[in-house]
Every structure is written in C-alpha cells, then in structure tokens.
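A quick write-up on the structure given underneath.
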Amino acid sequence: MSALPTPSLRDLALAARAAGERTRALALFREASDPWSRNDAALELLALGEVEDARRTAEALAGERPDFAPARRTLGLVARAAGDLDAALLHFRAAAARDRADLWSAYDAAETLRALGRDREAEAALRALAGGTPLPHALRALGAAARARGNAEEALAALRVAADLLPADPWFLLDHAEALAALERLDEADVALRALVQRHPRFAGARRALMRLAARRGDAAMRLDEARALAALDPDAGALDLADVLLERGERAEAETVCVRHLVRRGATPRPLRQLARGARQAGDAERALAHLRAAARLLPADAALRAECAGEALALGRIAQAGADAEAALAIDPAAPRAHRILALVARAEGRGADALNRMRALWADGAGPSQAGFDLGADLRAGGSFTDAATVYERLAERPDAAPEALVELALLARRLDGIAGARARLGEALRLSPGHPRALLCLGDIERELGSFTAAAAAYHAALRSRPGLGWAHVGLALLAEARGEPDEAVSALRAAIAADPGESHPRILLALRLAERGDGDDARALLAGLPPGDPRAAEAALALARIRRLDGDGAGALAVLEDAARRWPDRPDLAVETAEEALRQGWPEAALAWLSFGEARHPGHPGLLEARARLALSRDDLEAATALFDEAATADPGRLGPPLMLARLAAMRGDPASALERFEAAARRFGERPELTLARAETLRQLGRIAEAERCFDESLARARVPAVAIAAALAAIEGARLPRAEALLSGLATATRADAARLHFARAQLAAAGWDFDRAIAEGEAAVRLQPADGWYRNRLAHAALLALDLPRAARALQEGAALEAGANALRGKSANPSQSHYGQLLDEFRLDAETLAALQAALAEPPAARLAAIAACLRASPDHTASAVLYLIEARRQGALTTRVGDGDGGVPQAIHQFWTDDAVPPDVAAYMATWRDLNPGFTHRVWSEREAAGWLAAYGPPATAAAFARAREPAMKADLFRLALLAREGGVWVDADDRCLRSIAPLIARGAGLLAYQEDLGSVGNNVLAARPGHPFVLRALAQASEAVNRGDGDILWLATGPGLLTRVWAGALARPSSGEADDALLLDRAECLAHVAIHCLAAYKASERHWSRTAFGRGRRAGRGTSRS
C-alpha cells in the first residue's frame, strides 16, 4: 500500500466533505494527488452526480495502480449507480480479492448477487463473509435472506448475533425485535422494543414497530399512544402514521388537523392529501374526497394506482364517464394496473355491458397468468353472476399459488358450502388451516358454520382462535355477538358488538347490529343516534337504511318504515333485497299494488334473482297457488343452491300437496347439504307435527336441543307441546329460558300466553300476549291469539281491537287473495259478533264471571238456562266446569252402548293418498272395530233411506262438504251409533280404552272451550245427538247465515252439551263424557296437514264473506 498523503491537505479535504462542501472537497482531493485522495475525488464526483467523470477518474487510478483495491471498489459503486450490476459485481469482487481486509467490498458483492436474483450465491457469499469475520452487516443480510426464504428461526439467529455485535445501530436492534414478532413471540418482541426505546429514545423506528405490535395484539389504546409518541419524534412520516391510526379509529377531525398541519409545514405532498380524501370519504363527502385525490394525482402524475383511486371515487359519485376516463389514464401509465381494470369492469357493468365487464376481468386474469387480485375479482364476479363452476375453476388456480392459496381455499369453502354442502366446506377450510394454521378468515368461516349448526362450543373456539391470530379482528367479535344471541345472552352480545366497534371503528356493520339490538331493548333514541352517526357515503349506508326501517317497524311506525324503505330502494337499485323488503312492507301497510310494483322494480334490474323469486313464491303461497309457489321456490333453489329457505319451503310444499314422503326426503337432503341447523329443525319438526307424527316431531326437537339450547327451537318445541296438550313438557321447555333478541323475547311471551290459555288462565294469557305484540307489532298471528284469549275472558273490546289491528296487517295480502279485509270475516271475528249479539245476556254473563269461584259456575249456568242458544254462555260454562273439576272423567265400565264401528267421510268415491294414509291408521290401530269410509253419494243414499227428511233436505242444500259431513255424522250416530272421526285425523293408539269408560257419548274439549266434533263416539239414539241433529237440520233448511262452526259444528254441540249440564235434573248428561284435550290427543293427532286444505274443499276457504242474520232460531226435542 502507498504512504498516506500530507496530513494537512487531506484533512482540509475531509473537513470540507464533512461540512457538505463537496465542490471544495473535490478540488482539495484533486490537489492532494495521492491515490487515496484521487480515489476520494472519484467518490465526490459520484456524489455530485458526475458519473462519467467519476468512472474516468477511478479507471485512470486503477490503470496506474492495478493493486489499489479502493479504486476497484469505487468502480463498483460507479457501475452500480449506472445500473450495470454485472460490472459492479466484477469490480467488487476484484476489490475484495486485492484486499482481504476489505469486508465492505465482499459484502457489496454479495448484495449485488442478490440484486441480480442469484440468491443462493449471495447467501453463500454472506455465509463465507460471516464465517471469516463477524461483520454485523453480513449477518444482518443473512437474516434477511433467511426471512425471504420463510425460515424465521434462522433469520432470528442471525439477526440476534448482528444486534449483539452492533448495539449502537438501532436498526440492528429493530431487526432483532421484528424477527421475534415474526415468530409470534410478541411478548419478547415487546421487551426488545422497549429496551430499544430506552437505548435510543430518539429512534422513531422503535415507536413505529411498537405501534404495529399493538395493532397485532388488538390493543387500540396502546396503538394510539405509540402513534402519538412516533409523531412527536418524527413530525413528517410519523405524524402521518398517527393520522392513519386516527382515521381507522373514526377520529376524523383530529386526523384532518394533523394532515392540514403537515401540508402547511411541508407543502403539498401526496400522502396527506390521500389521507384527507379518506377522511372526506368517511364523512360521506365524496366530492371533497375526489378533489383531494386529484390534487395528489397532480403531484404524482405517473402513479397509476392513484389515478385508479380517482376513478373509483368518481364511480362512487355516479360519474361513470369520468371514472372510465380516469381508469384509462391509469392504464396508459401502467397497462397492467389491476385496480384500473377493475374500475373499467365496474363501469361496463354500470352501463349495462355485463359481458364486457366479465371479459375484461377474464383478460386481466389471462387464464391464470395474471395477478392474483385479478383472479379474486373475477371469481367474485362469476359467483355474483351465478357462474359457480367457473368461479371454482378460478379459485382452484389461485389455490396453486403460494401467496394466494389459503385465501383461495376459503373462497372455495364458501362455494362448496353453497354448491355441495357443509362437508365440502369443512374440507376446504381444513386445507386452508393446514397451510396457514391461524388464517383468520378460515377460522371465522369455521366459526360461522359451527354457530349455525348449534355447535356453540366449537364456534366459540374458532372465533377466539381467529382473535388470537389477529387480535383486532372485528368480525370475530361480531361472530361472538351472534353466538351470544343464539345462546340467549343479550348483555354478552352487546359487549361483543362494542368490542367489534372498538377493534375496527371504520367498519359500520357492528354499529348497525348494535343499533338494532339497542332498539330491541327499548333504547330507540340511542339506536337512531348510532345510525345517524354513519356518514351518507358509508359503504354500509343501504344496510343502515334497512336497519332504520326495522327500528321504525319495531316502534309500530309501519308508514315510516315504508317511507325509509322506498327511499332506500330508489337510492340503491342494485340491492334487490331492498326491493323485496319494500314490497313486503307495502303489503303490510295495505298497498298490494305498490307491493307488486316494487317487486317488478327489482325484477327489471335483477331478473331471476333468488330473493325476488322467493318473494313471488310467498305471494303465490298466500293465494294457495301451490303449483306456482313450488315452481318459483324451485327456480330460486336452482339460482342459488346456497340458500336454505327454498329447500325448506319445497319440503313444506310437498307436505301441503299431499306427498309427505317427498317432504321428509327433501328435509333429509337439506340436512345432508346444510347440516342440522336450527332452521331445519324448526321446519321439519313442525311439518312432522302437522302430519300427526307427534313422537317423531318431539324427537327432532329434543335432538336439536341436546346439541344446543337455541331459544327459538325451545320455544317452538314448547308451542308444539301445547298444541298436543302436553303442558308439563311445555312448562319444562320454557322454564328458565333466556333470550337475547326482541324476536325471541316476543316468541317467549307468546308461548307463555298459549300455555296460560291452555290452562284456562286468560288474564295471564292476555298479559303475555300483549307483551308479545308490543315487541313484535307487525306480527298478525300474535294478535290473532290475543283475540282468542280476550274473547274467552269476555274482554270483547280488546278482542275487537286485536282483530282489527290484525286485519289491517293482513289487508294487503287479503286483497291479493281476493278476500275481505273486514275483521268479522274470520273465525274469531264471527265468534266476536256471536258473543256480542245479545247485549243483555252478555252483560249477565260478564257479571257471572265476576263472581267468586264458588258461585261462578252456578251463575253462568243461570245465564245458559235463560239463553240456551247463547254460544258464549255455553263455552264459558264448559271452561269453568273444567277449571273447577266439575266434568266427570269416567261414567262407568264397558262401552256405554257405543258400537265398535269407525265411520269417516270423504266427498268423492276415490280418497286422495294423503287422506287415505290417515284413514288407514284407524283401521290398523283399532283391530276390534269395523271401519267404513262414506262418500257424499253414499251418505245421500243412506239419508234418503234412513235419515229424517229434514236432514236429507239440509244435506242436499248444504254449501260446504264439511257442512254435509256435520249433518251426516249426527244422523248416522243418532241412528246407528259408533265412532266418527274426521278424515284429517291420525290415530296414534287404539281408542278402545276411551270407549271403555262407560260413556254413551264421548267427545273432547277444544282449546276454545268448545266441544269438538271431529272425534265423536255415541250410542244410538243419544239425546244430545238427536237434539243437535234437529237444530242443525233446521238451521240449514232455514238458510241461516252462521258459519258452519256455529250452525252445524262444534258451536252447536257446545250449546247442546252445556245446556244439558246446566239442567242436571234432566239426566241427559249422565252418560256423557267430555275428555280434556290431553286425554284425547294421547290417542289422536287432530287436524293434520292435507292437500285439500289449500283448496276450496276446506270450509275455511268458503265460509267467510257472507252476511249473517240478526238472530238464531232453536228447536228442542
């Protein structure tokens, strides 16, 4: 090596360099003229941008002094600055070869190999360098290489040693801490970073890393604290990092202040302008957001992503042409810019060029050669368009890419769930989690599946695992909130929603859910304030409008709900669900034409959308058009196989059409595809109950409740038990049941109301029923059953009000059915009219009900004796007699003279298969009885031969088949005796034990307190039957306008039976046995589902809409 230059001249040059006086330093280095100074002169030329002069100076020096290593190194630096990496590599290697102590040239040679993509050679060179001498930079580079290869443990080992060797360099310490974080050793990373802050308190990188670490842990408060500390250290980039955190927290005002201060201090720069755009977007000011983005784009005219962002904002404003122009400008900068292509596809779709939109995304994807994001966008478009198989193909290709595989497998899981069912979805999620064990979205989807299946423990585990993987994941908190609701834990649900909001303030979905929950709990003002806080331009604005409509509906403001929905449907015509909601609300408000218009509005924009098809199917079902409903639900199921509703309705429709085997097979198919979800349990169990398969229905409920005690399932099971008169089972199911939603709370009150009514406690039934109506004011069925309780409590104003309000809710639907909206044109409406027909008797009856229990039955009997044709007195007498245990449970031993013959009636000679199956149960389970099915023709012949002439005439005159059956049953039992059973009743076990109680007349008490006539056993010539026959024949022949329930059915039998009990001295009731519902329903499933009930054959379809006469004649015999 040459001797060092004259110290004084070189010191002056070095001092000038240190002071930043590069031109003076260059002159001094040149004047010194020794090799070291000449080499420094070349370096100064390079620093001044004089690359060619620097190269010529270094080359001259190298030529004169071939062994002078620094000249070779400088030539390497010059070549690297010029972009000639191959030449740089040669020069760095030459320098290192000439001076083995020149570790930096060896290091630069290795880094140049990495820049050339020769990673293995670079790593080998770095290992050799690190092995020869502990150069911290080499170890740091080795750590980076290991990290790039995905070997986090090896990276940590190298970076720890590098940091130990050079603790004075904060970047080395930072690398070590971040290596710990990469291995999920977050606590150790936190300790390392805190130590770094103590050692280098002015090092902003440590605060930035702590901010990121807090975000990973989901510690929003700590993240904000670290962001503020960072901004204090770094008023430029650090302050803007703080603005990002503030924007994510929804603290827009402070964020905007930080950005504006930065602009004032530093002048216009792109990042704060983009942040201001983001804040404006959060505020719903899309115009201002676009203005900020355009200002940023002027500063970065060659930034394709920024131009594409402008295009997206223009599209959000509805400026289709401008959005297209901006996207095209972005593509002119970068023809492969995926966001710009995406915007152009959305523009094409907005212009009605759906095929062009899809073709553009296909071209960008290039059959798997394009960027991953293009594949995900194309898959989403294909799925939205119903091309599920094509979407799956795209996701399969993405799943082959290491950078996209887990996310693609999650998308495939969602598709599998829709197309193949739960098993396929689970398998795909399992693949995703094997590739990425903590993949948050895969865990979320798994949690959703388990929650929907009622596997609550597994669901909670999946959500908590997602939170451990990504602590600030708001959607996992949303899942936990829904899980808490399913468990009936309202406070936990609200807490989870608040945690979701805190974790992700920029996502509005949990705010909207919380608003709905608050409204359900009666905090309507807080709920509306939450919704009002969402900016108009929020991506969830349509969802918020839908929530506001539902809140108004909960408040009983149906008109206000409709106004909100109509506005929303016009503002967001791309949301077919809004058109459906608007149509259904219009129907509730009694505007059928508007309802149909809104459906047409949606269909014009979204032809074949499954939600709209389902809405049309429901309308067809309400009109009893089962064929049309089946076709529409089938079309909806084909359009979207992932919707559970259509398969369940198709199963239900199969049962309604008289094909129970097909119905149950459809339920099984749904279970295989969707799993045993609570919704499936509810539909299947209720269908089984209505088919009279009571034990199977209860087993279905019990199996579901064994998996999870979902409130809706427990309540439905209780209601089914009440229908079956199994009141202890119902009480057990409802006991201690907690609910978390307003809908479930209303169901619980409703179930308690039905249980109270079944126990003849109408005051409690009214209180519980009113509570249910307050919680769900738009539910007409709750009002119907409230009218039932009020009617039997003789609270007729309340009954009238409930019927009037229910009729108003059904007015639109009834108009479409061609039915009257008058509340009197219903079963309870007719009974209400009947009850208040005789004001004087009604007043006396109300006074009797006010008597103490000991005197009440006698007081009602007095009313009945005074007005023997007063149905209300008869019904309330039998109810009070049941309450007081005054109805006998056994007359004696033997059959009481009742012949062992079962009679049934069907209008036509050929009995439909579903009805024939019910009839067969009576034959099969009662082997000691004869069994005969009578047709209308045979009944008419028998009446002509054996019946009273008045009855034969009435039979011919009767309007409905049910009225003919009423007349024939009385005539047949009066002459021949036996057991009469309606065609829609299923025998559960032999009725022989009932007949063996010694009664000459056997019937059961209905839930109205009346005497049921669908199961009736009598000895020949029983006086009750003879009297009922005479009165029924007279009423029909006289042309009374009463509904048949009053004229020839249970109302008539109730008046006869109660009248005889009120006159015990006659002895007519001595052998009459009125079973309670539980005794009867242990043997018989009544009023089962049958196809004819959706036709004009059923009496309820034709009985209403006619006038009624002012009074009723009576005939005694």
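The values are calculated or read from the model by the stated rules, or taken from the named source; none is laboratory data. Since the structure is predicted, the reported quantities are computational estimates derived from the model, not experimental observations. Using ideal geometry, Cβ is built from the backbone for each residue, glycine included, and neighbour counts are taken over all protein chains shown.
Quickly run through the stretch 817-835 and pick out the residues that are surrounded by fewer than 17 Cβ atoms within 10 Å (Cβ to Cβ) and hydrophobic (A, V, I, L, M, F, W, C).
Residue satisfying the conditions is A821 alone.
Rundown of residues vs (1) farther than 30 Å from A916 by Cα; (2) of a type in the set (A, V, I, L, M, F, W, C); (3) part of a helix (DSSP H, G or I), yes/no style:
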| site | (1), (2), (3) |
| --- | --- |
| E676 | yes, no, no |
| T681 | no, no, yes |
| L719 | no, yes, yes |
| E731 | yes, no, yes |
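What tally of residues in the stretch 326-351 results from selecting those that are more than 25 Å from R571 (Cβ to Cβ) and in a helix (DSSP H, G or I)?
Narrowing the stretch 326-351 to residues more than 25 Å from R571 (Cβ to Cβ): 328-341.
Filter once more, keeping what is in a helix (DSSP H, G or I): 328-333, 338-341.
Looking only at that region, the number is 10.
Can you find, within the stretch 904-919, the residue that is nearest to L1016 (Cα to Cα) among those that are hydrophobic (A, V, I, L, M, F, W, C) and in contact with a strand residue (DSSP E or B) (Cβ under 7 Å, 6 or more places away or on another chain)? Don't jump to the end; show me each part of the working.
Let us first name the residues in the stretch 904-919 that are hydrophobic (A, V, I, L, M, F, W, C), namely 905-906, 910-911, 915-917, 919.
Then keep just the ones that are in contact with a strand residue (DSSP E or B) (Cβ under 7 Å, 6 or more places away or on another chain); that gives 905-906, 911, 915, 919.
Working: F905: 13, W906: 17, V911: 21, V915: 19, M919: 15 Å.
Step by step, filter the stretch 904-919, then rank; the result is F905.
Give A500, A481, A466, A460 a once-over and let me know the one that is closer than 29 Å to L246 by Cβ and at pLDDT 95 or above. Talk me through it step by step, then tell me what you get.
Details: A500 fails: at pLDDT 95 or above; A466 fails: at pLDDT 95 or above; A460 fails: closer than 29 Å to L246 by Cβ.
The unique qualifying residue is A481.
Condition check ((1) surrounded by 21 or more Cβ atoms within 10 Å (Cβ to Cβ); (2) among the hydrophobic types (A, V, I, L, M, F, W, C)) across all residues:
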residue	(1), (2)
G522	no, no
D525	no, no
R528	no, no
A541	no, yes
A549	yes, yes
R553	yes, no
P573	no, no
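Identify the residue in the stretch 607-648 that is basic (K, R) and in contact with a Leu (Cβ under 8 Å, 6 or more places away or on another chain) and, among all such residues, is modelled with the highest pLDDT.
First, the residues of the stretch 607-648 that are basic (K, R): 616, 618, 623, 643.
Among the residues that remain, those that are also in contact with a Leu (Cβ under 8 Å, 6 or more places away or on another chain) are: 616, 623.
On the way: R616: 96, R623: 86.
The selected residue is R616.
From the list G438, G430, G447, G424, which one is over 19 Å from G642 (Cβ atoms), assigned to a helix (DSSP H, G or I) and of a type in the set (G, A, S)?
Values: G438 fails: assigned to a helix (DSSP H, G or I); G447 fails: over 19 Å from G642 (Cβ atoms); G424 fails: over 19 Å from G642 (Cβ atoms).
That would be G430, the only listed residue that is over 19 Å from G642 (Cβ atoms), assigned to a helix (DSSP H, G or I) and of a type in the set (G, A, S).
Between G83, G49, which is outside any helix (DSSP H, G or I), over 22 Å from R10 (Cβ atoms), within 60 Å of the chain's Cα centre (by Cα) and not acidic (D, E)? Give the steps one after another, and end with the answer.
Values: G49 fails: within 60 Å of the chain's Cα centre (by Cα).
It is G83.
Hey, could you check the stretch 725-743 for residues that are surrounded by 22 or more Cβ atoms within 10 Å (Cβ to Cβ) and at pLDDT 95 or above and say which is farthest from the chain's Cα centre (by Cα)?
Looking at the filtered set, the residue picked out is A730.
So in the stretch 819-872, with the set limited to residues that are in contact with a Cys (Cβ under 8 Å, 6 or more places away or on another chain) and in contact (Cβ under 8 Å) with a residue 40 or more places away in the chain, which one is farthest from F762 (Cα to Cα)? Please lay out each step first, then the result.
Restricting attention to the stretch 819-872, the residues satisfying the condition of being in contact with a Cys (Cβ under 8 Å, 6 or more places away or on another chain) are 841, 844-845, 848, 870.
Restricting the remaining residues to those that are in contact (Cβ under 8 Å) with a residue 40 or more places away in the chain gives 845, 870.
Details: L845: 16, H870: 20 Å.
Filtering first and then ranking leaves H870.
Give the stretch 1025-1047 a look and list any residue that's at pLDDT 95 or above and either within 22 Å of G977 (Cβ to Cβ) or not in a helix (DSSP H, G or I) (or both), or say none.
Selection gives V1025, L1026, R1027, A1028, L1029, A1030, Q1031, A1032, S1033.
So, R202, is that one surrounded by fewer than 17 Cβ atoms within 10 Å (Cβ to Cβ) and in contact with a helix residue (DSSP H, G or I) (Cβ under 8 Å, 6 or more places away or on another chain) or not? Outline the logic, then answer.
Working: surrounded by fewer than 17 Cβ atoms within 10 Å (Cβ to Cβ): yes; in contact with a helix residue (DSSP H, G or I) (Cβ under 8 Å, 6 or more places away or on another chain): yes.
So R202 fits the description; yes.
Yes or no: the stretch 12-30 includes at least one residue that is in contact (Cβ under 8 Å) with a residue 24 or more places away in the chain and not in a helix (DSSP H, G or I).
So far as the stretch 12-30 goes, no, none of its residues is in contact (Cβ under 8 Å) with a residue 24 or more places away in the chain and not in a helix (DSSP H, G or I).
Mind checking whether some residue in the stretch 991-1014 is in contact with a strand residue (DSSP E or B) (Cβ under 6 Å, 6 or more places away or on another chain), buried (at least 21 other Cβ atoms within 10 Å of the Cβ), part of a loop (DSSP other than H, G, I, E, B) and on the phi < 0 side of the Ramachandran plot?
Scanning the stretch 991-1014 turns up at least one residue that is in contact with a strand residue (DSSP E or B) (Cβ under 6 Å, 6 or more places away or on another chain), buried (at least 21 other Cβ atoms within 10 Å of the Cβ), part of a loop (DSSP other than H, G, I, E, B) and on the phi < 0 side of the Ramachandran plot.
Please determine whether any residue of the stretch 610-629 is among the acidic types (D, E), assigned to a loop (DSSP other than H, G, I, E, B), under 22 Å from the mean Cα position of the chain (by Cα) and surrounded by fewer than 18 Cβ atoms within 10 Å (Cβ to Cβ). Can you show your working first?
From the stretch 610-629, those among the acidic types (D, E) are 614, 624-625, 627; that's our starting set.
Among the residues that remain, those that are also assigned to a loop (DSSP other than H, G, I, E, B) are: 624-625.
Imposing the further condition that a residue be under 22 Å from the mean Cα position of the chain (by Cα) reduces the set to none.
For the stretch 610-629, residues among the acidic types (D, E), assigned to a loop (DSSP other than H, G, I, E, B), under 22 Å from the mean Cα position of the chain (by Cα) and surrounded by fewer than 18 Cβ atoms within 10 Å (Cβ to Cβ): absent.
With (1) of a type outside the set (K, R); (2) assigned to a helix (DSSP H, G or I); (3) within 27 Å of the chain's Cα centre (by Cα) as the list, and G386 as the residue in question, which single condition is left unmet?
(2)
So which residues in the stretch 262-293 are surrounded by fewer than 18 Cβ atoms within 10 Å (Cβ to Cβ) and under 22 Å from G318 (Cα atoms)?
A283, G284, D285, E287, R288, A291
Spot the failing condition for G250; the list is (1) within 22 Å of A532 (Cβ to Cβ); (2) assigned to a helix (DSSP H, G or I); (3) among the small types (G, A, S), and only one is missed.
Unmet condition: (2).
State the number of residues belonging to the stretch 478-519 that are touching a Pro at 6+ places or on another chain (Cβ under 9 Å) and of a type in the set (G, A, S).
Summing the residues that are touching a Pro at 6+ places or on another chain (Cβ under 9 Å) and of a type in the set (G, A, S) in the stretch 478-519 gives 9.
Condition first: among the small types (G, A, S) and closer than 15 Å to A1030 by Cα. Now tell me which residues in the stretch 944-957 satisfy that. Before you say what the answer is, go through the steps one by one.
Within the stretch 944-957, the first condition is being among the small types (G, A, S), and the residues that meet it are 944-945, 947, 950, 952-954, 956.
Hits for the stretch 944-957 are G947, A950, A952, A953, A954.
Test R785 against the criterion of being free of Cβ contacts under 8 Å to residues at least 24 places away in the same chain and either within 20 Å of R882 (Cβ to Cβ) or of a type in the set (A, V, I, L, M, F, W, C) (or both), and give yes or no.
On the way: free of Cβ contacts under 8 Å to residues at least 24 places away in the same chain: no; either within 20 Å of R882 (Cβ to Cβ) or of a type in the set (A, V, I, L, M, F, W, C) (or both): yes.
Here the answer is no, as R785 does not meet what is asked.
Just to be sure, is A481 among the aliphatic types (A, V, I, L, M), touching a Ser or Thr at 6+ places or on another chain (Cβ under 9 Å), in a helix (DSSP H, G or I) and free of Cβ contacts under 8 Å to residues at least 60 places away in the same chain?
Details: among the aliphatic types (A, V, I, L, M): yes; touching a Ser or Thr at 6+ places or on another chain (Cβ under 9 Å): yes; in a helix (DSSP H, G or I): yes; free of Cβ contacts under 8 Å to residues at least 60 places away in the same chain: yes.
It is true that A481 is among the aliphatic types (A, V, I, L, M), touching a Ser or Thr at 6+ places or on another chain (Cβ under 9 Å), in a helix (DSSP H, G or I) and free of Cβ contacts under 8 Å to residues at least 60 places away in the same chain.
Criterion first (surrounded by 19 or more Cβ atoms within 10 Å (Cβ to Cβ) and either without any contact (Cβ under 8 Å) to a residue 24 or more places away in the chain or assigned to a loop (DSSP other than H, G, I, E, B) (or both)) does L650 satisfy it? Walk me through how you get there before you give the answer.
Numbers: surrounded by 19 or more Cβ atoms within 10 Å (Cβ to Cβ): yes; either without any contact (Cβ under 8 Å) to a residue 24 or more places away in the chain or assigned to a loop (DSSP other than H, G, I, E, B) (or both): yes.
Against the criterion (surrounded by 19 or more Cβ atoms within 10 Å (Cβ to Cβ) and either without any contact (Cβ under 8 Å) to a residue 24 or more places away in the chain or assigned to a loop (DSSP other than H, G, I, E, B) (or both)), L650 qualifies.
Are any residues in the stretch 179-209 farther than 18 Å from V161 by Cβ, part of a helix (DSSP H, G or I) and of a type in the set (D, E, K, R), and if so, which ones?
Selection gives D187, D190, R194, R207, R208.
How many of the residues making up the stretch 598-609 are free of Cβ contacts under 8 Å to residues at least 12 places away in the same chain and either among the aliphatic types (A, V, I, L, M) or surrounded by 20 or more Cβ atoms within 10 Å (Cβ to Cβ) (or both)?
1
Here is a list of conditions, (1) crowded, with 21+ Cβ neighbours inside 10 Å; (2) within 26 Å of C987 (Cβ to Cβ), and G675 meets all of them except one; can you say which number that is?
(2)
Hey, can you tell me all the residues within the stretch 748-776 that are buried (at least 19 other Cβ atoms within 10 Å of the Cβ) and not in a helix (DSSP H, G or I)?
If the condition is that a residue be buried (at least 19 other Cβ atoms within 10 Å of the Cβ) and not in a helix (DSSP H, G or I), then Q776 is the only one that fits.
Listed residues A952, A917, A940; which is at pLDDT 95 or above, crowded, with 17+ Cβ neighbours inside 10 Å, in a helix (DSSP H, G or I) and within 55 Å of the chain's Cα centre (by Cα)? Give the steps one after another, and end with the answer.
Values: A952 fails: within 55 Å of the chain's Cα centre (by Cα); A940 fails: within 55 Å of the chain's Cα centre (by Cα).
Residue meeting the stated conditions: A917.
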